[in-house]
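Enquirer: Sharing a structure below in structure tokens format, with a few things to ask.
The values are calculated or read from the model by the stated rules, or taken from the named source; none is laboratory data. Keep in mind it's a predicted model, so treat the numbers as computed, not measured. A quick note on method: Cβ atoms are made from the backbone with ideal geometry, for glycine too, and the neighbour counts reach across all protein chains shown. For accessibility, only protein heavy atoms count, side chains too; no ligands or nucleic acids. Shrake-Rupley method; radii C 1.70, N 1.55, O 1.52, S 1.80 Å.
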Amino acid sequence: MQNWFIIFVYNLFTNIDNAIMIQNSLNKFSLRSKYKIYLLIFLCMLRILYIACVQSWTKVPYINIATGLIMFIFSIRMVMPKQTMRRHFSLLWIFSSVAALDLVMSIDSILLSARLSDNVAFITIGVLPALFLLFFFSSKMEEFFVKMPWIEVAIAGLLAQLAVLQIKKQPGILELLQDEWFDLMGIIAMCVICFIGWFNFWKKTS
């Protein structure tokens, strides 16, 4: 029971950014409420599957570099002009896109949740309630993104910095570049993405 509570609390506090990012992505599409519920259930089931398979994932070479690059690509997409988006994407495209975003944003959470318990049942009853709470309340954040679009730019900048820090976790990478240089590159990436986002926002409103 103690393992369940630890897993629940950990996932509740480490997946807030996931919930915000997913809600932010869904705002770009005309998706009915019932499909959002289906997507929530789909993501929760995938999270359990990810954790169950985590041992094989950790052996994949250059996994940190790959996930870091994917996170950086998502940060760029977030600050691109929204007129390039279309609202008639298929449900399959939307579900797969959001699921990919959730995966790359939750690698650390998946790895640690798998280490906290070897019992998949304990992991399930710890992870699912936390994710349901987060995804449910994230829908309330939609008005903030509408009224304050600069929040999206700030989140994209943070995602870019996290992408660089994710690459830094790759074993042996610090032999090529010092730790301080990665930290500096993370700050530069965040500033560049924020500048692009603010420029596009200013261009749209001017």
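Enquirer: How much length is gained on full extension from Ile65 to Leu49, taking 0.36 nm per residue of separation minus their Cα-Cα distance? Each step should come with its number before you reach the end.
Expert: Working: separation 16, 0.36 × 16 = 5.76 nm, distance 2.20 nm.
Net length gain for the segment: 3.6 nm.
Enquirer: Below 14 angstrom from the Cβ of Phe42, what's the summed charge of the other residues (Lys, Arg +1; Asp, Glu -1)?
Expert: On the way: positive: Lys34, Lys36, Arg47; negative: Asp102.
Net local charge, Phe42 excluded: +2.
Enquirer: Another question, then. Please list Leu165, Leu26, Leu91 from largest to smallest accessible area, probe radius 1.4 Å, with all protein chains kept in place.
Expert: On the way: Leu165 50, Leu26 10, Leu91 70 Å².
So, going from the largest accessible area down, we get Leu91, Leu165, Leu26.
Enquirer: Sticking with this one: Excluding Gly186 itself, what net charge comes from residues whose Cβ is under 13 Å from its Cβ, given Lys and Arg +1 and Asp and Glu -1? List each step's numbers first, then the result.
Expert: Working: positive: Lys168, Lys169; negative: Asp179, Glu180, Asp183.
Result for the neighbourhood of Gly186: -1.
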